[in-house]
Amino acid sequence: MKRRAPRAAALDSETARLEGPVRTCVGCRARAAKSALLRVVVADGVLVVDPSGRLPGRGASVHLDPDCVDLAERRKAFARALRSAGPLDAAPVRDHVAGLSTTF
Ligand SMILES: [Zn+2]
């Protein structure tokens with residue numbers, strides 16, 4: 001029997017390399033390219049969106065999708081991912097995502 005051409009596998013690995021860093025969305029738990037996710041950090045106990053990805057400290061990633069922000073908030077995933085002692089208000093993230101989705 002002939003083996004299947006490795007073309008598909010080669011294309012897969014090429015795609016993976018081109019995608020670059022991968023992060024897990026704290027909402028739906030799906031892995032996605034870092035560039036497709038919004039980074040959020042905690043500053044003074046408050047969630048801050050970090051679209052430029054330049055703020056210091058521990059970050060969490062979430063899709064630019066209100067459903068994912070909702071999920072993350074309900075599961076307290078932001079507080080867990082960011083090792084926050086207290087609960088975090090996801091309003092800044094929700095507002096940011098809502099603002100984006102009305103723009104598009
Ligand atoms: Zn997601």
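The numbers here are math on the coordinates, done by the rules we state, and not lab data. Here the structure is a predicted model, which means the values were calculated and not measured. Cβ placement follows ideal geometry from the backbone for every residue including glycine, while neighbour counts extend to all protein chains displayed.
Hey, can you rank 69-79, 47-57, 22-32 by average C-beta count inside 10 Å, highest first? Walk me through the numbers on the way to the answer.
On the way: 69-79: 19.1, 47-57: 13.7, 22-32: 16.9.
So the order, starting with the most tightly packed, is 69-79, 22-32, 47-57.
Expected output is a single nm value to one decimal: the length gained when fully extending between residue 100 and residue 54, i.e. 0.36 nm times separation in residues minus the C-alpha distance. What is it?
So the chain would gain 14.6 nm between residue 100 and residue 54.
For the residue pair residue 46 and residue 85, what label-to-label distance in nm results when each label sits 7 Å from Cα along the Cα-to-beta-carbon direction?
1.9 nm
Quick one: divide the alpha-carbon radius of gyration of region 21-102 by 2.2 N^0.38 Å and tell me what you get.
On the way: Rg = 11.2 Å, N = 82, 2.2 N^0.38 = 11.7 Å.
Normalised by 2.2 N^0.38 Å, the Cα Rg of region 21-102 equals 0.95.
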